[in-house]
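The next block holds one structure in the form of structure tokens; read it before the comments.
The values are calculated or read from the model by the stated rules, or taken from the named source; none is laboratory data. A quick note: this is a predicted structure, and the numbers were derived from the prediction, not measured. A quick note on method: Cβ atoms are made from the backbone with ideal geometry, for glycine too, and the neighbour counts reach across all protein chains shown. We work out accessible area using only protein heavy atoms, side chains counted, and drop any ligands, DNA or RNA first. Shrake-Rupley method; radii C 1.70, N 1.55, O 1.52, S 1.80 Å.
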Amino acid sequence: GKFLFVSNHISIYDPLISITELADKSIGFVSKKENLAIPFAGRYMLKAGCVALDRENAREAVKAMNSAADNITDGVCAMGIYPEGKVNKSAKGLLPFRNGAFKIAKKAKVPIVVSVISNTRKINESILRRRTHVYLKIVDVIPYEEIANLKTNEIGEKVYEIMYAALGEENR
């Protein structure tokens, strides 16, 4: 279906895990432009519907948000974004959200699928030794009607509270 997927961002593996777990949903991500320049991976990301975000240029960032909304509206794919804006390297909690991310849902008039991911940081620690159990939990789906009249900062506060509560004590 058509939706905006949002999650916390604790590791470089988060998009790969999310795309794999949601493979039946056809999802692309808004990603920093540097990621789309990675040989092979960048080409795959573009084919999957990923959108390049130039974090240094506000005008280009708005274009990226509009492209992401268009991907949803045109049925290219659902879109995912990490509202923290970058990998959270601290051990706990959430970084402040970049609320412009929620303009995608407003423009495309779609629900927001709120999720949390955990344990992806451990992948590097045990990559050659043993399996790592990673958890992707869909926490809530906020219908478009609930956000239609909200400002992006109000949506951000709502999503932040949902995600923060879902992280559990050990991750706060």
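Of the trypsin sites (Lys or Arg not before Pro) found in the range 67-135, the ones in coil according to DSSP and having at most 11 other Cβ atoms within 10 Å of their Cβ are LYS86, LYS89, LYS92, ARG129, ARG130, ARG131. With percent of Cα pairs over 23 Å apart defined as stated, name the option among [x] 36; [y] 51; [z] 43 computed from the structure displayed. Only one option fits the structure, namely [x]. In the range 1-79, which chymotrypsin sites (Phe, Trp or Tyr not before Pro) are in a loop and have at most 13 other Cβ atoms within 10 Å, using DSSP for the loop call? Listed in order of number, the matching sites are PHE40. Extension gain, TYR164 to ASN119, is 14.6 nm, computed as 0.36 nm per intervening residue step minus the present C-alpha separation. Where is the GNM fluctuation largest for the chain (alpha-carbon springs, 10 angstrom cutoff): SER18, SER67, SER90? Most flexible of the set in this elastic network: SER90.
If both residues of a DSSP beta bridge must be in the chain, then about 35% of such bridges are antiparallel.
With only the Cα atoms considered, the range 6-56 has a convex hull volume of 84 Å³ per residue. Site pair SER90 and ALA148 shows an inter-label distance of 3.7 nm when each label is modelled 7 Å from Cα along Cα→Cβ.
At a probe radius of 1.4 angstrom, the accessible area of the chain per residue rounds to 57 square angstrom.
The relative contact order of the chain, computed from alpha carbon pairs under 8 Å that lie at least 6 residues apart in sequence, is 28 percent. Going through the cross-link list LYS33/LYS103; LYS47/LYS92; LYS25/LYS86, which pairs have a Cα-Cα distance over 30 Å in this structure? Exceeds cut-off: LYS47/LYS92. Using a simple spin-label model with pseudo-atoms 7 Å out from Cα toward Cβ, ALA58 and ILE38 lie 3.0 nm apart.
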